[in-house]
Amino acid sequence: MRKLMIAPSVGCCDLFHIEEQVKLINEKSDYLHMDIKDGVYVPSYGIGSDYLDYLNKHVDNLKPMDAHLMVKHPQQYLELFAKSGAEYITPHTDCIEGDAFVTINKIKELGCKAGVALSPSVPLSTIEYYLPLLDKVTIMIVDPGISGQPVNPQMFVKINRLAKMRKELGLNFLIEADGSMNKDLYRPLYEAGADMVVLGPPALWNKDADFEKAWLIMEKELEQELDGAERKL
């Protein structure tokens, strides 16, 4: 059975219980998703490079950190996040349109893996020519940086098309789905071809006030949905 990997958005951790939550997430997740927001590209703020740097220095056997740069000028911060321990650096396509190849190559020169994130309105054709350079493509299934949005079902089609492109071209980048994640999305995203999903409060933290119980609920929901998908396939 193909696995659907999980990448909790670590910036969602409860500040009063951050140590225990990060420890559990790091132990059980596949990747650590780091939402970096500047209040300009998106109308909200997230964690910064110091957050990644602290985890990198104080958490043993740290899972790969993905710096999701929801910022207007990601080119200015590539070295900063590379030094902070990010394994993946993922800017948005519309912020690197004029220098996509330079930006992606710079990420790789810094020793990191290169990702890009596509907002819902951005077509896959935007990344066609540099797709072979990428290690991960994040498909936003809602507009970035705004909580509480309904998911556009067309994003399942978009992910499926990307999965077909990957197969046709013989590439092996990861396909990640991000935005308003909940249990009802695991199965259609999995069936569409997603390799990984980003978990925020609705998918994890809001499940129970006790974070360990919330994690167990999330795991059970994920298992049930994927079991149903596997039987259908």
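The values are calculated or read from the model by the stated rules, or taken from the named source; none is laboratory data. All values derive from a computational prediction rather than experimental measurement. Positions of Cβ are generated from backbone atoms using ideal geometry, with glycine treated the same way; all protein chains shown enter the neighbour counts.
Numerical summary
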| read-out | value |
| --- | --- |
| Pick from the stretch 176-220, criterion touching a helix residue (DSSP H, G or I) at 6+ places or on another chain (Cβ under 7 Å), among the acidic types (Asp, Glu) and touching a residue at least 24 places away in the same chain (Cβ under 8 Å), ranking: nearest to Cys13 (Cα to Cα) | Glu212 |
| Residues of the stretch 172-213 that turn out to be among the aliphatic types (A, V, I, L, M) and over 19 Å from Val137 (Cβ atoms), as a count | 3 |
| Qualifying residue in the stretch 28-49 (condition: assigned to a helix (DSSP H, G or I), surrounded by 15 or more Cβ atoms within 10 Å (Cβ to Cβ) and polar (S, T, N, Q)) | yes |
| Qualifying residues in the stretch 180-233 (those that are surrounded by fewer than 16 Cβ atoms within 10 Å (Cβ to Cβ) and of a type in the set (Gly, Ala, Ser)) - the one nearest to Lys28 (Cα to Cα) | Ala209 |
| Long-range neighbours under 7 Å by Cβ, at least six apart or interchain, first residue over 17 Å from Lys158 (Cα atoms) within the stretch 131-143, second basic (Lys, Arg) and assigned to a strand (DSSP E or B) | Asp135/Lys113 |
| Failed criterion for Val122 (all others in (1) of a type outside the set (Asp, Glu); (2) more than 12 Å from the chain's Cα centre (by Cα); (3) under 30 Å from Lys23 (Cα atoms) hold) | (3) |
| Top-ranked residue in the stretch 88-113 [being surrounded by 21 or more Cβ atoms within 10 Å (Cβ to Cβ) and touching a residue at least 40 places away in the same chain (Cβ under 8 Å); ranked as nearest to Ser125 (Cα to Cα)] | His92 |
| Residue that is free of Cβ contacts under 8 Å to residues at least 40 places away in the same chain, within 16 Å of Thr93 (Cβ to Cβ) and of a type in the set (Asp, Glu), where the choices are Glu128, Glu223 | Glu128 |
| Total residues in the stretch 50-71, condition among the β-branched types (Val, Ile, Thr) and surrounded by fewer than 19 Cβ atoms within 10 Å (Cβ to Cβ) | 1 |
| Count of the stretch 61-94 residues which are part of a loop (DSSP other than H, G, I, E, B) and either among the aliphatic types (A, V, I, L, M) or modelled with pLDDT under 95 (or both) | 3 |
| Number of positions in the stretch 86-119 that are over 19 Å from the mean Cα position of the chain (by Cα) and either of a type in the set (Asp, Glu) or closer than 21 Å to Ala163 by Cα (or both) | 3 |
